[in-house]
Amino acid sequence: MSRRQIQPISYYNNGILQGNRVILSQAITLVESQKQAHQELAAELVNGLLPHAGKSMRIGITGVPGAGKSSLIETLGMHAISAGKKVAVLAIDPSSAQTKGSILGDKTRMESLANHSNAFIRPSAAGSQLGGVAQKTRESMLLCEAAGYNLILIETVGVGQSEVAVSQMVDFFLLVLITGAGDELQGIKRGVMEMADLIAINKADGQNLPLAKQQAIELNRALSLFPKRTSGYKPHAIPVSAYEALAIDVLWAEFEAFFSKYSEQILTHRKAQNVSWMHQSIEQMLIQNFYNHNAVKQQLAAYEKEIEEGNLSSYQAALKLIQLFGQ
């Protein structure tokens, strides 16, 4: 986004409140920009729209490769739209900073949802800057809420730190698995399983249905051994099929029941999240300002060379750079 493309804040504000998808997309591009002028305008825009945000169901979705997350999101999204919801899908892909292949492919795989007037799909490639993209995704989520989207689905591609980042910005966390995923399950850290509020065993159709039902029984046994939630909610597993739309109504009913029964806990949880976001934003800003500091940039390469040659300890170099940053 070049300098001449920046519009007055009223342009973005009014367009978003009117539900204009083109202007919403432009505003998110502004939010994602690394330029200082863009960041300042974006911060002002997000802050001004806060009174219009926060009225959505925020759901995080992750799963093993090949589990059919995109198909499930599309089927679920279309079901939610039929129930009167406006759906926004925000995807975080830590692996696609260069190729952008898998996340941009989401719009192709979710063609029906992407083309629906009550849906909005936005991919974001994280690369090595997962924390920064997570911050931008939170701000994008608030803009989508202000634009009237009352179901926000945040998809994470792959298994790793991105799950932690997503779980810290949503109210409900869905883990998508497939039948016979014993080997894949071994690659999922226990922490991801503990974060899950619900496990959907996808592709439970045809000959896979009995296997999916059996796997749900086994997973429910495993989940019963995890520490109990303070809210009283019990995470569990259910078999679903995005292809045949099997149990999608059950999955949707699970979401609605959760957001209805635990509304007070969700509100309390969001307040804690907001404070946590502030601290994470401070960390991100400090890191960015540190590496953009002129004196630090001038000395950084020299100190790196001294460390490699064994003439300077990593701690001492860090201390010197911090002192330069503070001057």
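What follows draws every value from the coordinates through simple rules; no lab data is involved. What you are looking at is a predicted structure, and each value in this text was computed from that prediction instead of being measured. When we count neighbours, we look across all protein chains shown, and the Cβ atoms used for this are built from the backbone with ideal geometry, even at glycine.
In the chain, Cα pairs under 8 Å separated by at least six residues give a relative contact order of 18 percent. In summary, the lysines within cross-link reach of LYS305, defined as a Cα separation below 18 angstrom excluding same-chain residues under 8 places away, comprise LYS297, LYS320.
Using a 10 angstrom cutoff on alpha carbons, build the Gaussian network for the chain and name the most mobile of ARG221, ARG138, ARG229. Taking springs between Cα atoms under 10 Å, the residue moving most is ARG229.
From most to least packed by mean Cβ count within 10 Å, the peptides 24-30, 250-256, 293-299 give 24-30, 250-256, 293-299.
Can you compute the label reach from SER260? Point 7 Å from Cα along the Cβ direction, backbone N cut-off under 18 Å, restricted to the range 38-71. Only 56-58 fall inside the zone, counting backbone N under 18 Å.
Taking every DSSP beta bridge that has both ends in the chain, the antiparallel portion is near 5%. For LYS271, the aspartates and glutamates whose Cα falls under 17 Å of its own Cα, not counting residues fewer than eight places away in the same chain, are GLU139, GLU145, ASP171. Here each label is just a point 7 Å from Cα along the line to Cβ, and for LYS320 and GLN18 those points are 5.7 nm apart.
Sequence-ordered 3J(HN,Hα) estimates for the range 309-324 from the Karplus curve with 6.51, -1.76 and 1.60 and θ = phi - 60° stand at 7, x, 8, 8, 6, 4, 5, 5, 5, 4, 4, 4, 5, 5, 5, 5 Hz, glycine and proline given as x. Couplings 3J(HN,Hα) for the range 217-223, derived from phi with the Karplus relation 6.51 cos²θ - 1.76 cosθ + 1.60 (θ = phi - 60°), are 4, 5, 5, 5, 5, 5, 5 Hz, where x marks Gly and Pro. Potential lengthening of the chain between HIS52 and GLU306 amounts to 86.2 nm, from the contour at 0.36 nm per residue minus the alpha-carbon distance.
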